[in-house]
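Here the structure is laid out as structure tokens; the discussion comes afterwards.
The values are calculated or read from the model by the stated rules, or taken from the named source; none is laboratory data. Here the structure is a predicted model, which means the values were calculated and not measured. Neighbour counts are summed over all protein chains in view; Cβ atoms, including those assigned to glycine, are modelled from backbone coordinates with ideal geometry. Quick note on the areas: whole protein, heavy atoms, side chains included, nothing else; ligands and nucleic acids left out. Shrake-Rupley method; radii C 1.70, N 1.55, O 1.52, S 1.80 Å.
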Amino acid sequence: MAGEESSPDSATKNIDELEGQWRLYEAYNELHGLAQEFDTPFDAPAVLVVGHQTDGKSALVEALMGFQFNHVGGGTKTRRPITLHMKYNPECDTPLCHLLSDSDPSVSHEKSLQDIQAYIEAENMRLEKETCQFSAKEIIIRIEYKYCPNLTIIDTPGLVAPAPSRKNRALQAQARAVESLVRAKMQHRELIILCLEDCNDWSNATTRRVVMQIDPELSRTVVVATKLDTKIPQFARASDVEVFLSPPASTLDGFMLGDSPFFTSVPSGRVGFGPESVFRSNDEFKQAISSREVEDLVALEEKLGRALSKQERSRIGVNSLRLFLEELLLKRYMDSVPSIIPLLEKEYRSSTRKLSELDQQLSSLNEAKLKEKGRTFHDLFLTKLSLLLKGTVIAPPDKFGETLQDERVNGGAFIGSDGLQFPHKLIPNAGMRLFGGAQYHRAMAEFRFVVGGIKCPPITREEIVNACGVEDIHDGTNYSRTACVIAVAKARDTFEPFLHQLGCRLSHILKRLLPIAVYLLQKEGEYLSGHDVFLRRVADAFNNFAESTEKSCREKCMEDLVSTTRYVTWSLHNKNRAGLRQFLDSFGGSEQSAIIGNSTSTGLSQDLSTASVASDNKQDVKPRTDVKLSHLASGNDSNMSTQTTETRLADLLDSTLWNRRLAPSSERIVYALVQQIFHGIREYFLASTELKFNCFLLMPVVDKLPAMLREDLESAFEDNLDNVFDITNLRHSVAQDKRQTEIELKRVQKLKEKFRYIHEQLNSQQAMFGQ
């Protein structure tokens, strides 16, 4: 065990062995620091201490170190993991500590224990003020001392188990943050987990509950029961002690390291010269630890009524735990040496290649090459946009595609005046994750589907009467004008929102082309990485083009909607003339018994026919023999032979011009006219809107965007190239990356030589033992 005196005969051999081990530990300590700083995938074995704040975690770490570190106590004392690279040095009567720099772990500064404690407290205060109150970046300390083991221990923040009440929400959030940090550390499979439990019943798995989520079989976990001196008096029977020392597999299952738990006690009291101090020196503290182990062994044997076996004694006390961890870590170190060298070789090649790329990137930071890069990227970007519109399967739909439901959420839905959405399942390909041209086509199909099925909103009698109004030269009624007033108002209110919704939806679809095109360029290695300013400029130019083009197209469509709802051109609304006549005929036949009503129907039917077919042949307006209303206009009808032309004209004027009492017949005719005009506006709006969005939104992406982007690019090149590529900051950033890579390369080279030397020494020792 480290710290024991060696005999004079074996002193030289022990010194050689210690020097070999120190060299090994030092190499792994540097490897651990390199892995932390550059996030390199090196497996540097270490002991990760995991426990709750009340488990005596920090006290056990101090006992393993052989001196008090002065950061134990209740509450959250560390908000960053603390890595302790401990080295046994019999010549250090006082702990020799070096704090590694956060910015460059290859640089260390000798610090006193008080200075290190002040640094840890300052870090705690800094993190306490931040949103995330904990950091996974380790505080790394190298320690040499005559009582230190040859160990690397990572002391993590203590786990917290707060009460589940609303008052403890802040503590609950802190508990989740700590557990997340500890679990992330335990994910590193090279680490040995030291799981601390403060319990006298192994069925209570407080810390194991967290550990076994990462290491379910406890195959890389050492379980330690702390505060043994407080547990022994709690056992009333020897059988209880037996179960505690050798728990059954049903209670403590798995294949834990060491096959059974360890049991430790750390004497309470601090080292110092004050009245509250118990120990005057670290030597007294170390002696107290050994004395506590002896007392625990005696107390256990008294409870059991028998002597402890050698196996049981090897699991009692801090010194037994330290010896086990030293031997385990040394074995892991030696076993890992052959695998570390290829990893270092790979990292060296990777760093060399990265350095060469950075040199090449620095040499290419001149105006001519940057302009050529920009023009090349411009052409490739447009090629990818065209490919996305035409259709491709290169981009993964699960990452870039949108279902119709997603599209409605992100780009807006088609919602009518009733506030309802059309069921998305009725739209073709609604459940498919589409992008590019396919998504554009689906959105336009939904627009046709929704708008094409819109019916004319209901018309009230009050609306009809209010629409009649008073003419500028007489106070009679004109039901043709009334129908036009109502129809255009209903159409404008109904269709204008859909125009804005379509523009918003298609603009969303076009803007989505940008990240997909970037993905395709990255996938094919054609992306300008490192030129963020230039890429933002291209992205802004594309998005601005999409927005301005959509706005211009929508304004053109709005002009059409305004024109069709400002002046009614009957030639646009006579496509369903036959249906309208059939409706009027059926309505007129049901009211033949009312002469005035019939006269009204006749007058309005003639008025409508005259307005609807002004440009048609005369034979189209001749009454047919089977039309039910034709007898009202025929002078040969026997039932109307006594009615003179003057009487029929007076009845017509009375019912349509002078009478403001809205009869059912007049109401139905106005409704029929409104329906005719509304549906004509709808068909024209639908066709013209789709045509204009295809011509003035989709096509400009193909034929106008390339010229616009190229003009913007060339203008920027002539103005100030530094504003396009941010050459000054880019050159500084690349130079800084180069310096960091050179530092990493030197450290990797140094470590590679160390591990190769260690590997040769181990091979020579094995050869000697083989002889």
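Hey, what's the Cα Rg ratio for region 447-490 versus the globular rule of thumb, 2.2 N^0.38 Å?
Compactness ratio reported: 1.50.
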Subject >> Segment I415-S356, extension gain: residue separation times 0.36 nm, minus the distance between their alpha carbons >> reply: 15.5 nm
Subject >> Under-5 Å amide H pairs with H52, H placed in peptide plane, nonlocal only >> reply: L159
Subject >> Residues of type lysines that K57 reaches as a straight line, Cα spacing below 19 Å, ignoring anything fewer than 8 places off in the same chain >> reply: K77, K185, K227, K231, K286
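For region 421-477, state which trypsin sites (Lys or Arg not before Pro) are in a DSSP loop and have at most 11 other beta carbons lying within 10 Å of their beta carbon.
Answer in residue order: K455.
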Subject >> Overall Cα dimensions of region 403-521, principal axis frame, Å, largest first >> reply: 72, 27, 18
**OP:** Project the alpha carbons of region 161-223 onto their principal axes and report the range along each, largest first, in whole Å.
**Re:** 38, 29, 14
**OP:** For R280 paired with R536, estimate the spin-label separation in nm (one decimal), with each label point 7 Å from Cα along the Cα-to-Cβ line.
**Re:** 6.6 nm
Original post:
Could you give the Stokes-Einstein D for region 455-525 in µm² per second, using the C-alpha Kirkwood radius, 25 °C, 0.890 mPa s?
Top reply: 150 µm²/s
Subject >> Local electrostatic count, T226, Cβ distance below 11 Å [Lys/Arg +1, Asp/Glu -1] >> reply: -1
**OP:** Multiply the residue gap between V562 and Q740 by 0.36 nm, knock off their C-alpha separation, and tell me the result in nm, one decimal place.
**Re:** 57.6 nm
**OP:** For C148, list long-range residues whose amide hydrogen, built 1.01 Å from N in the peptide plane, is under 5 Å from its own amide hydrogen.
**Re:** N89
**OP:** Would you please give the FRET efficiency between S733 and K511, computed as 1/(1 + (r/R0)^6) with r the Cβ-Cβ distance and R0 = 25 Å, to the nearest 0.05?
**Re:** 0.30
Original post:
Label-point separation (nm) for K129 and D93, each offset 7 Å from Cα along Cα-to-Cβ?
Top reply: 4.2 nm
Subject >> Amide H contacts under 5 Å for F262, placed H, 5+ residues apart >> reply: V223, V224, A225
**OP:** Take the alpha carbon gyration tensor of region 116-217, find the square roots of its eigenvalues, order them as a ≥ b ≥ c, and report rounded if a/c is under 1.5; if not, report prolate when a/b exceeds b/c, else oblate.
**Re:** oblate
Original post:
If all Cα-Cα distances of region 232-311 are sorted into 5 Å bins from 0 onward, what percent lands in each bin, rounded to whole numbers?
Top reply: 3, 12, 18, 17, 16, 13, 10, 7, 3, 1
**OP:** Express in Å², to the nearest 10, the accessible area of D532 obtained by rolling a 1.4 Å probe over the protein heavy atoms while all chains stay in place.
**Re:** 90 Å²
**OP:** Determine which lysines satisfy two conditions relative to K551: a Cα distance under 27 Å, and not lying fewer than 8 residues away in the same chain.
**Re:** K384, K390, K490, K511, K692, K704
**OP:** Would you mind getting the Kirkwood hydrodynamic radius of region 165-304 from its Cα pairs, rounded to one decimal in Å?
**Re:** 17.5 Å
Original post:
Hey, what do the phi angles of region 317-325 turn into as Karplus ³J(HN,Hα) couplings, whole Hz, using 6.51/-1.76/1.60 and θ = phi - 60°, x for Gly and Pro?
Top reply: x, 5, 5, 5, 5, 5, 4, 5, 5
Subject >> Total charge dipole magnitude, region 170-302, about the Cα centre, Cβ charges on Lys, Arg, Asp, Glu only, Debye to nearest 20 >> reply: 660 debye
Original post:
Taking the inverse of the average 1/r across all pairs of different Cα atoms in region 324-480, what Kirkwood radius in Å do you get?
Top reply: 24.0 Å
